[in-house]
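Contents: one structure, followed by commentary.
Bear in mind that the values in this text are calculations on the coordinates, not laboratory data. Nothing here was measured: the structure is a model prediction, and the numbers come from that model. Here the Cβ positions follow ideal geometry from the backbone for every residue, glycine too, while neighbour counts run over all protein chains shown.
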Amino acid sequence: MATVGRNAELYDCQVTACQKFFSEQLPDVSKCRPLTEDEIPETMKNYARPLDLYDITGVDARQVIELLVKIINNGDKFTKNKTFYFMLHKNDESKEDEQIVELFKLRANPTKDQPGNGVVFIRPRGRKVFKRKAKNYEQIHSALRAYYKKDTKSFAEHIQELFLDNTVDKNDFPQITIEAYMILLTLTTGLLTPRRLVASKEPSELKVQYDMLPIGIAIVRIVKLLEYGEEEICAFRDVFSPGRKFHCFSGSPQVRKESIVNINKSPFVNAEGEKEKLIEKATKELQDTF
């Protein structure tokens, strides 16, 4: 069997692993439903109806991903400017108004080329309303630097903890970490994966290119590079600032692919082995992370 080095075949192995993982290894969340009127917290009673609010407290990343897939694949509901809400709450007996710790909203913005496209907002802590605009990537980078300084290792460890269990009672993380967590999940599989799963009789050429991007494995390896805690290896700006070497979250499919190739070129990424082994390795990395 041929040995795959640092070349296009490695990228193809990652594409195969991501497509297989996200189409075959996500859990069943068919019982997950929006909260009923009686279950909606008092602080959200004035929100417009119908209100699609999901409680994702204590849910691991794989379940959140599948829930996003379920929502986005419902083409009748996932329409332009439709809003979906997701909350994390405390598991104690405090007053209901104080129980919502984090509240996200996903505003749908599907297009022909990106039918799973949308924008993620987080409600500022201590506020009852969202800001009008979501953070852009430069603002996310600035907020991470403000809290973590150059400590990418702690951020990587916090993200990994949230992927395993997003219960907020035990995790005293800054809000920007929780926000980055939801954005990464949405980008990795909530928005990009459904592009592969949404039925399309005549997909555009651009859509096909987006569909092939192995963003999931790119996220896995970015987190590993951040975990080294050395800016020379991977700094916050390398990941979250558009145009930097590891930023694969915005831009054209070709720009994103080049960033993923840059991740693969890192000497800290194991890119050697037979094709089957590399697919197996990438799949296991996805399983261990999500």
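Mean residue ellipticity, 222 nm, helices only, the chain: the sum of -39500 (n - 2.57) across DSSP H runs of n ≥ 4, divided by residue count and rounded to 500, is -13000 deg cm²/dmol.
Estimated from the Cβ-Cβ distance and a Förster radius of 35 angstrom, the FRET efficiency linking Gln139 and Glu280 is about 0.35. Dividing the mean sequence gap of close Cα pairs (under 8 Å, 6+ apart) by how many residues region 213-273 holds gives a relative contact order of 28 percent. Taking all Cα pairs closer than 8 Å and separated by 6 or more residues, the relative contact order of the chain comes to 26 percent. Stretched out straight at 0.36 nm per residue, the stretch from Asp38 to Lys77 would grow longer than its current Cα-Cα span by 11.8 nm. Magnitude of the charge dipole for the chain, about its Cα centre and with charges confined to Cβ atoms of Lys, Arg (+1) and Asp, Glu (-1), is about 1220 debye. Sequentially through region 155-164, phi angles give Karplus couplings (6.51, -1.76, 1.60; θ = phi - 60°) of 4, 4, 5, 5, 4, 5, 4, 5, 4, 7 Hz, Gly and Pro residues having no value and appearing as x. From the alpha carbon centroid of region 21-54 to that of region 140-160 is 29 Å.
Rounded to the nearest 10 degrees, the inclination of helix 8-24 to the longest alpha-carbon principal axis of the chain is 30 degrees. Listed by chain and number, the lysines placed with their C-alpha closer than 20 angstrom to that of Lys105 are Lys45, Lys70, Lys77, Lys80, Lys82, Lys90, Lys128, Lys131, Lys133, Lys135; residues fewer than eight positions away on the same chain are left out. Near Ile56, the amide H atoms lying under 5 Å from its own belong to Met87; only residues 5 or more places off or on other chains count, and H is placed 1.01 Å from N. Highest-first packing order for the peptide set 65-74, 22-31 is 65-74, 22-31, based on the mean count of other beta carbon atoms within 10 Å. Would you mind telling me which residue in Phe246, Phe130, Phe78 has the biggest mean-square fluctuation in a Gaussian network model of the chain, where springs connect alpha carbons within a distance under 10 angstrom? Between Phe246, Phe130, Phe78, it is Phe130 that shows the largest mean-square fluctuation. Phi-derived couplings, Karplus 6.51 cos²θ - 1.76 cosθ + 1.60 at θ = phi - 60°, listed residue by residue for region 114-123: 9, x, x, 6, x, 10, 9, 10, 10, 6 Hz, with x used for Gly and Pro. Between Val101 and Leu88, His89, Lys90, the built amide H atoms are under 5 Å apart, and every one of these is 5 or more places off in sequence or on another chain.
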